[in-house]
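Engineer: Just dropping this structure here.
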Amino acid sequence: MSLMGIDIGTTGCKASVFDLSGRQLAQAYREYDIVRPRPGWQELDAVELWTKVKAVVAEVAAKTAGDPIEAFSVSSFGEAMTPVSRDRRILGNCILGLDERGREYIPDLEREVGREPLYRLNGNLLDYQYSMPKLMWLRDQARGVYDQADKFLLCADLIYYMMGCDAVTDYSLANRTLLLDIRARQWSDVLLSASGLTKEKLPSLAQAGTDLGTISPSIAKELGLRPEVRAVVGGHDQCCNALGAGVAGERTAAYGIGTFACITPVYSDVPDPGRMMENGMNVEDHVVEGLYVSFLYNASGGSVVKWFRDTMAQLDRERMLEAGQDVYSLLMEEMPSRPSNLMVLPHFASTGPPYFAKETSGVIAGLTLGTGRGEILKGLIEGVTYYFKDGLECMERAGICVDELRPTGGGAKSAAWLQLTADIMGIPLAKPRVSEAGTLGAAILAGTGIGVFASAYEGATQCVSIERVFEPDSERHRMYERRMDIYRQIYPVLKPLLRDIARLGG
């Protein structure tokens, strides 16, 4: 028996198949591009996304024909919703959270609902990145698409719907719309009324791990799946990533080091809302029932290392690709063993909690004529880690404490990166055996839905094992603490200048 997890990201999708011990049997990946039809607009071609998802599913199904897939679940990023017709046609692209459309509705929503009342209802700080303002824009500026749409579906929901299942979403993804009442666990009449949107155009709600039944026989045949394969409700990618890293209890957090970097702690009791708001922390349902999560995230995670590679190591990359080698290994070897003398503000793209820096830019301070390429790379990774160290301190002030990180994603493959993180954070990093935890978390939910695991917690216990623990070095930690004192002063001093620099291109 095998279980499949599908993970839909902003720049690509993957499918992985696992046995009941969490051992990966097959994986497939496809990339797609962000569509930017106008300045400030960012979309995904939903038809292309669906085509690429079918391709990865068909590939892993063919690779595991001898151990057929019994059930699958889907993990996806949040916010972006796709318009679909009642007869399961995709009617347009999905608008990404980073897209600037919907910004104009925020002042009216703040006056109509209020930031604190909205937070107490939904658990998120009012912002245009969520689905609600995007749907309001579509209603007012693309009325034809809005009226024609029977439903607007988040990316995971879209996959189930196109496979013949009902239009259903889980509570973690529903939270990313800004329309969910997190305590009543239903669409909020207050928020729907304030936005002028209708419940009829939204999917139904269900707990992650709920069995949706079998998929369309024609789709099963097209993808090489058994007609009896079961679809199971998945959830928000960061929540599935945490589950796949074994983060199903308190005082532990997943540290996803992908294109975006995100720390996801788990807790059972929601801290005081006033303290949470003051420290920029959201509240969201975990895919494990009865637990909640918050997020610290920054788009300048693995993306800033990719920028460094493409900008400062292009020739090395081409040479090593020809030799079938990994250029990242070469670059990591160039990093000095000691902490760098650089101070990097990792605002190369908009940041998330706790500061939500929108109009900003990155800073590399401390460069000299003696600064080498390896030290710049180390400074970039240190800067990203300082950002999250600062964020964990905000979380602690809000009442969320973390004693251990579980690293996942591409960055988790680098021992140098993980040791550096432990040294800065001052807490251990326990690296799971499976670093692509998002698809494993989805597969665990699939197993929960068909009764293979009694609960998502049991599934995580059975499928997740720790490969190595990176303990902080006490001497390097003391050195980094002195550097953190400097880092904390940079953004408040430079904030107005960085805003002015960001506006130069406007």
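The values are calculated or read from the model by the stated rules, or taken from the named source; none is laboratory data. Bear in mind the structure is a predicted one, so any value in this text is a computation, not a measurement. Cβ coordinates were reconstructed from backbone atoms using ideal geometry, including for glycine residues, and neighbour counts include every protein chain displayed. Only protein heavy atoms, including side chains, enter the accessible area calculation; ligands, DNA and RNA are left aside. Shrake-Rupley method; radii C 1.70, N 1.55, O 1.52, S 1.80 Å.
Engineer: Return the residues of region 70-104 that are open to solvent by 10 Å² or more (accessible area, probe 1.4 Å), touching a Leu at 6+ places or on another chain (Cβ under 9 Å) and more than 24 Å from GLN238 (Cβ to Cβ); say none if nothing qualifies.
Structural biologist: The answer is GLU70, ILE90, GLY92.
Engineer: Spot the failing condition for ASP423; the list is (1) closer than 18 Å to TYR297 by Cβ; (2) crowded, with 19+ Cβ neighbours inside 10 Å, and only one is missed.
Structural biologist: Every listed condition holds for ASP423 apart from (1).
Engineer: Hey, another quick one. Return the residues of region 369-403 that are within 20 Å of ILE257 (Cβ to Cβ) and exposed (fewer than 15 other Cβ atoms within 10 Å of the Cβ); say none if nothing qualifies.
Structural biologist: GLU393, ASP403
Engineer: Residues of region 290-343 being within 17 Å of ILE364 (Cα to Cα), among the small types (Gly, Ala, Ser) and in a helix (DSSP H, G or I), which ones?
Structural biologist: Once the filter is applied, which keeps residues that are within 17 Å of ILE364 (Cα to Cα), among the small types (Gly, Ala, Ser) and in a helix (DSSP H, G or I), region 290-343 yields GLY302, SER303.
Engineer: Another question about this same structure. Just to verify a result, which residue in region 106-148, among those that are of a type in the set (Phe, Trp, Tyr) and touching a residue at least 60 places away in the same chain (Cβ under 8 Å), is nearest to SER172 (Cα to Cα)?
Structural biologist: Taking region 106-148 as the starting set, the residues that turn out to be of a type in the set (Phe, Trp, Tyr) are 119, 128, 130, 137, 146.
Now narrow it down to the ones that are touching a residue at least 60 places away in the same chain (Cβ under 8 Å): 119, 146.
On the way: TYR119: 15, TYR146: 24 Å.
Within region 106-148, the match that is nearest to SER172 (Cα to Cα) is TYR119.
Engineer: Now a separate question. Which residues, taken from region 177-199, are under 26 Å from GLY449 (Cα atoms), outside any loop (DSSP other than H, G, I, E, B) and open to solvent by 60 Å² or more (accessible area, probe 1.4 Å)?
Structural biologist: Correct list: GLN186 only.
Matching residues to (1) assigned to a loop (DSSP other than H, G, I, E, B); (2) out of contact with any strand residue (DSSP E or B) (no Cβ under 9 Å at 6 or more places or on another chain):
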| position | (1), (2) |
| --- | --- |
| LEU205 | no, no |
| GLU222 | no, yes |
| VAL232 | no, no |
| GLY235 | no, no |
| CYS239 | no, no |
| MET281 | yes, no |
| VAL288 | yes, no |
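Engineer: Could you list all residues from region 1-25 that are buried (at least 19 other Cβ atoms within 10 Å of the Cβ), more than 15 Å from SER76 (Cα to Cα) and touching a strand residue (DSSP E or B) at 6+ places or on another chain (Cβ under 7 Å)? Even if it seems obvious, please write down each step before you answer.
Structural biologist: So the first thing to find is which residues in region 1-25 are buried (at least 19 other Cβ atoms within 10 Å of the Cβ), and the list is 2-10, 13-18, 22.
Filter once more, keeping what is more than 15 Å from SER76 (Cα to Cα): 2-3, 17-18, 22.
Once the filter is applied, which keeps residues that are buried (at least 19 other Cβ atoms within 10 Å of the Cβ), more than 15 Å from SER76 (Cα to Cα) and touching a strand residue (DSSP E or B) at 6+ places or on another chain (Cβ under 7 Å), region 1-25 yields SER2, LEU3, VAL17, PHE18.
Engineer: In region 470-500, which residue that is basic (Lys, Arg) and more than 17 Å from THR351 (Cβ to Cβ) is most open to solvent (accessible area, probe 1.4 Å)? It would help to see each step written out before you state the result.
Structural biologist: Start the filter on region 470-500 by keeping residues that are basic (Lys, Arg), which leaves 476, 478, 482-483, 488, 495, 499.
Remaining after also requiring more than 17 Å from THR351 (Cβ to Cβ): 476, 478, 482-483.
Working: ARG476: 74, ARG478: 125, ARG482: 142, ARG483: 41 Å².
Here the residue is ARG482.
Engineer: Kindly establish whether LEU223 is open to solvent by less than 10 Å² (accessible area, probe 1.4 Å) and farther than 16 Å from ALA442 by Cα.
Structural biologist: Yes: the conditions hold for LEU223.
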